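Have a look at the structure below, then the notes.
The values are calculated or read from the model by the stated rules, or taken from the named source; none is laboratory data. Quick caveat: nothing in here was measured; it's all calculated off a predicted structure. So basically every Cβ, Gly included, is an ideal-geometry build from the backbone, and we count neighbours across all protein chains shown.
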């Protein structure tokens, strides 16, 4: 049962002048993703048999209904993803892609449903005639940025192997909601209101705006019969109904009809395949942590960060994160990380993001030195670069056997996405991060759903000084991602301990790092771990969450040489953790999700 204490809503503000007195400090960075509030007073949710956690209550309810009907974790995930396509279209949907980690009680499988570049693209996809990179919005809006959607193929493949309920049953909650309508939430209203491109996209404007052209008011009953019809086709005919026939033709036509057309073809859709990959796993103290392999950088980067932090602890007792628990503070979160903890984690992340830009890409196209990047000796060497003061900017390391002929990816780091987790009655578990990339994707709506803009996750510049960038655009290639669905196991017993992940684009890695340290080193419960203020570094400024990090902490970081960058950090963490009584869940207070269990 979901429990709230005080259930108050603390609305964070974009403007520095609107922040409470305790939030004064350096100037704010531009918000990478719109915020819609912070729900203070949330408590962890308990469940003995099973549990789900998703970014919207209606999605969580659909997932729990599948578990109550005897369904598996993948059954719950499919029902939740379909509802999220309807009620959280700005973040994920069947027009996008996903990474899925699945534990069946015996093995972990990594399902890659990442979008692929169309066969007709070239390395110059996002270059202007003079060879300079396009502005991001010029690249994002329209068909140019649309990759081959992969989420349905990945879900169907996982369902064939682990599903218990019929495929068509899993679509029933979403079809019912699409036909009968759902109330527009505060978050959806806020994101519509802050998106200046919706008004110039006729199909989107007709759906998201009222007759006067204003964003749909909170509580408006929003129906989507077009999406209901799309779901009905897919429910009856399987994922193939999306990749060929009327739906596929409509998708391709919409991509090509836009003023900024793309290269997607019917052949691209028909030939797309989800892939089962080997997850990346490594030990961290008493736990085994498993994540997604390339083309996601999330698993490798999270494990690198934890490996560096463990190496730092071996170097000095002062670096033991378990002894650096969060401190009480007067803020909506109630506490904040200790200065030394922020210092160590941010410095480790600088090193990791430098390696990410240099080496990580689709491993079907680039030789990614995963084993070398995770080698304990290499990570210990990297850890020795962490000192008492911030290094401010890290350079990539040279892991054994790495290809040094590549140039680093200097593309801007961007934001989007959703996450869901599930554990069923049989103990099977799933962590799934799913996305259409930027808010509302490419702003191309067809069949009641939005298409992704994931091709903008490639490097816009294919080379630098004659050296190719690993994450450059290539036909059929899958763009690098930071999505980091994560499963945690006991090293001694092999027992599953937690399923978690977050949206947040390139900041996902830091969000998951924070949550893992909070759960494992600081022994916080899942809700406390989600509540904890966000912080970290993507190898530039030391980012701290506006409104939740105190001026005192920022001053202490600055005194250590950190270029402190206060900013909105709209994570969307979903966490399920094992307890002696069963399962405990937490949902990020920065969004509208909930955990539900029985």
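Structure summary
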item: Selection count where residues are part of a strand (DSSP E or B) and either over 25 Å from residue 259 (Cβ atoms) or under 23 Å from the mean Cα position of the chain (by Cα) (or both), scope segment 442-475; result: 10
item: Residue list for segment 533-544, filter: more than 17 Å from the chain's Cα centre (by Cα) and surrounded by fewer than 24 Cβ atoms within 10 Å (Cβ to Cβ); result: 539, 540, 541
item: Residue within segment 385-405 that is assigned to a loop (DSSP other than H, G, I, E, B), at pLDDT below 95 and within 24 Å of the chain's Cα centre (by Cα) present; result: no
item: Yes/no for residue 158 being more than 22 Å from residue 251 (Cβ to Cβ), buried (at least 22 other Cβ atoms within 10 Å of the Cβ) and under 20 Å from the mean Cα position of the chain (by Cα); result: yes
item: Output for segment 519-545, where each listed residue is part of a helix (DSSP H, G or I) and closer than 18 Å to residue 570 by Cβ; result: 527, 529, 530, 531
item: Residue check, residue 298 buried (at least 24 other Cβ atoms within 10 Å of the Cβ), under 30 Å from residue 251 (Cβ atoms), in contact with a helix residue (DSSP H, G or I) (Cβ under 9 Å, 6 or more places away or on another chain) and at pLDDT 95 or above; result: yes
item: Verdict on residue 476 being in contact with a helix residue (DSSP H, G or I) (Cβ under 9 Å, 6 or more places away or on another chain) and on the phi > 0 side of the Ramachandran plot; result: yes
item: Within segment 489-518, tally of residues that are surrounded by 24 or more Cβ atoms within 10 Å (Cβ to Cβ), touching a strand residue (DSSP E or B) at 6+ places or on another chain (Cβ under 7 Å) and not in a helix (DSSP H, G or I); result: 6
item: Enumeration of residues in segment 317-331 that are crowded, with 20+ Cβ neighbours inside 10 Å and modelled with pLDDT under 95; result: 331
item: Residue under evaluation residue 312, criteria (1) on the phi < 0 side of the Ramachandran plot; (2) surrounded by fewer than 16 Cβ atoms within 10 Å (Cβ to Cβ); (3) at pLDDT 95 or above, criterion not met; result: (2)
item: Any hit, segment 568-588, residues being over 15 Å from residue 499 (Cβ atoms) and assigned to a strand (DSSP E or B); result: no
